[in-house]
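Read-outs: derived from the displayed coordinates by stated rules, not from any lab. These numbers were taken from a predicted model, which means no experiment stands behind them. Every residue, glycine among them, receives a Cβ derived from its backbone with ideal geometry; neighbour counts consider all protein chains shown.
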Amino acid sequence: MHPAFIVGKEILFLVVASWFLWNSFGHAFLQDTESTEYANKAMSWPITSVHMDSEIEVWSEEVSCGDESTCYEDFFTANLILNCALLDDGNYTCSPEVENGTHIQTYLACKPNHSIFASGGSEYSISGPMPNPCSAAYELWEYEGNNFPREFFDERYDDPWEVYDTECKWQSEPNDESYWNCYFDNREYDTWWYHCEFAVNESLWFCIDAFGPEASSEDNRNASERPEGSGQEILSELSDDVLEVRYDPADPTRVYIGDPGDAPSNSMAFINGFMMLGGVVLIGIIRVASMIAKKGNKTE
């Protein structure tokens, strides 16, 4: 066998083995180290709440957890918006109360990696400045956000009122059943209701089917069947339900969700990961050198 072919084969083995170990172990070790360093820096960062227009989606999916059993993991995408103002020293201050602030956005994501090559540290597809954004999934589950429609429970009825911050429209076609059509924030259709009334002061729609089809009317818009103060209560819930993040004053796109003190500490992770990769490289070099030496002995 030609020496060049032997060398090429061993180099290919080295590359494949290194890639596999990096994908399975090294990447996870490096990510843990970066996450620890990032969390240590975030300990001194100021805290603010995200802007109400931030978009957060959280969901669960089945994942394999070994021994042919199934577990559920939380995943999310988050487009976070901070209201910030640039100070004279070049740093930023961020707060919902900042006047004439600039909206600075940060995208974070922790998604399942369905690639056939996914293993070890690559089982998640991550995005954003946090080295390990998946650790923020629990915090985001606890945050309801400014999402509509929202439910308002009224003890007089079995089903709650459905509250929209977008317009509900009366069905005006003469050959159709009389009802109200309501929509999501993105203007996509949600569902229909027999009774919808408009809270003028809060610009909210309250809808319910408790009164039946016979009570359905375009005049329901001006009704007041909803509990008194329900509009103010919904707005109060929105103001109380805030997501707080830590941000880097020098670069507010760098954020941290949760308590940095809870981040795992693994100071040897970086060294261990590269020691394994170094071992593979050394083995590959020894194999190549050994085969070349054997080939040289045979030719002599």
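Ranked from highest to lowest mean number of other Cβ atoms within 10 Å per residue, what is the order of the peptides 203-213, 227-237?
203-213, 227-237
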* 5 angstrom amide H check on ASP209, placed H, neighbours 5+ away -> none
* Asked: Which far-off residues, 5 or more places away or on another chain, put their amide H under 5 Å from the one on TYR179, with H placed in the peptide plane?
  -> GLN171
* To do: Would you mind putting 95-105, 250-260 in packing order, based on average other-beta-carbon counts within 10 Å, highest first?
  => 250-260, 95-105
* Asked: How big is the stretch 150-240 by Rg and Dmax over its Cα atoms, in Å?
  -> 12.8, 45
* Amide H within-cut-off set for GLY258, under 5 Å, with H built and near neighbours excluded -> ARG246
* Structure fact -> With +1 at each Lys and Arg Cβ and -1 at each Asp and Glu Cβ, the charge dipole magnitude of the stretch 150-240 around its Cα centre, to the nearest 20 debye, comes out at 240
* Asked: What order, most packed first, do the peptides 131-138, 154-161, 216-223, 46-53 have when packing is the mean number of other Cβ atoms within 10 Å of each residue?
  -> 131-138, 46-53, 216-223, 154-161
